[in-house]
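A short worksheet on the structure shown next.
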Amino acid sequence: MPSIAVRTFTDPVEYFTGIRDLQIIGIVQRRGKFRAKSTRIDLQRLWMHRFDEHLPRIMEVTPSGTRAGVLFALRPAQPAMQLNGIETSQNQIAKFGLNRDWYHRSSAPCKWGTMSLTREDLAAAGETIIGQELLSSSFTGSVAPPAIALSRLRNLHEAASHLAKTAPDILVKPQVTRAIEQALVEAMVFCLANSHSNGVRNVQRHRARVMRRLEEVLSVNPKEPLYMTELSAKVGVSYWTLRDCCLEYLGMSPKRYLWLRRMHLARRALQRADAEGTTVTEIAADHGFWELGRFSVAYRSLFGESPSTTLRRTPDSPRT
């Protein structure tokens, strides 16, 4: 039986951790009241998701390794998103999945959708529908399907979401489920088959390896502040190479990325801490912020409240 979930989020941590069972590190890039909506529909074989986000952000996603899929903008006029540093405009879709971490970056409020199948189901669908192998070792990058194929994909995706919100009892009927899933799978296959691929150049494969190594280094001691010379040495590349990779994948320098990561980790620690037995100073110091005054000012600028307010708030308290 299909599974349906329509949710609204005001906490970015809950939002990022609530996207299926994926391991996601998310960083909101701009101050403001966070708000996001998600519609998840799991059919028999195909999983689909729709997202509506009000602030720009970066997500580092560690895939399960069992599914492959596509990602695309739902609103044609919105600014282009980036997947692994490759721009995905309104007339393109991005391929993701398999065993490589991927970075998804937005520069403004955006609406986007995904669809995925297991490796075996996608391979079988390609062979059955078009007699063509769709999976490869480099199943990543952006592709530009014919306009009519992408339009059909978007329309079907929206129709399924509309049913999930307004008539879920109809969507779960076996014949309706089967018909919608078949149509969505066919639309996905046609978009992947009849497309001009931008490919993944050697330089992008190298930068993907650099970014994977960067995250490996950061995951060992996520709270520890690292200087650029130390970080570059541990990653195994020059600072300029690391800087170029971060600018392409994340839209910011490695210094800025490390600082934002630690700020969000500190916020998460403040939200989970016991206000009676923990101080802001302790948590700030644990995350490498030794100038409490600067930390407090930067924290308020980024999150719209003081760190002490976050610490004192109980988990069930409303956020202003």
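When all C-alpha to C-alpha distances in the chain are sorted into bins of 10 Å, what percent of pairs does each bin hold, rounded to whole numbers?
Final binned percentages: 5, 25, 32, 23, 12, 3, 0.
Picking from Q78, T62, S151, whose Cα lies most toward the positive end of the charge dipole for the chain (charges on Cβ: Lys, Arg +1; Asp, Glu -1)?
Among Q78, T62, S151, the one farthest towards the positive end of the dipole of the chain is Q78.
Identify all lysines with a Cα-Cα distance to K37 below 29 Å; exclude those on the same chain that are fewer than 8 residues away in sequence.
Counting by Cα, and skipping residues close in sequence, K37 has these lysines nearby: K95, K111, K165, K173.
Give the peptides 29-39, 280-290 in descending order of average Cβ contacts within 10 Å, highest first.
Values: 29-39: 16.1, 280-290: 18.0.
Output ranking for 29-39, 280-290: 280-290, 29-39.
Could you work out how far helix 292-303 tilts from the main Cα principal axis of the chain, as a 0 to 90 degree angle to the nearest 10?
Between the helix axis and the principal axis of the chain, the angle is about 20 degrees.
Which angle between 0 and 90 degrees, to the nearest 10, do you get for helix 202-220 versus the longest principal axis of the chain when only C-alpha atoms count?
So the helix axis and the longest Cα principal axis differ by about 50 degrees.
I need the Kirkwood Rh of the stretch 201-320: take the reciprocal of the average 1/r across all distinct C-alpha pairs and report it in angstrom. Could the numbers behind the result be given before it?
Details: mean 1/r = 0.0636 Å⁻¹.
Taking the inverse mean of 1/r over all distinct Cα pairs, the stretch 201-320 comes out at 15.7 Å.
So what is the 222 nm mean residue ellipticity for the chain from helices alone, if each DSSP H run of at least 4 adds -39500 (n - 2.57) and you divide by all residues, rounding to the nearest 500 deg cm²/dmol? Write out the running numbers ahead of the final one.
Working: 12 runs with 144 residues, N = 320.
Result for the chain: -14000 deg cm²/dmol, rounded to the nearest 500.
Kindly write out, for the stretch 245-255 in residue order, the coupling ³J(HN,Hα) from the Karplus curve 6.51 cos²θ - 1.76 cosθ + 1.60 (θ = phi - 60°), rounded to whole Hz, with x marking Gly and Pro.
Taking θ as phi minus 60°, the curve returns 5, 5, 4, 6, 7, 10, x, 7, 6, x, 4 Hz for the stretch 245-255.
Run the dipole for the chain about the Cα centre, Lys and Arg Cβ at +1, Asp and Glu Cβ at -1, nothing else charged, and hand back the magnitude in debye, nearest 20.
Numbers: 44 positive and 30 negative charges, 142 e Å.
Roughly 680 debye, rounded to the nearest 20.
Bear in mind that the values in this text are calculations on the coordinates, not laboratory data. If you're wondering where the values come from, they're calculated on a predicted model, not measured in any experiment. No Cβ is skipped: glycine too gets one built from the backbone with ideal geometry, and neighbour counts run over all protein chains shown.
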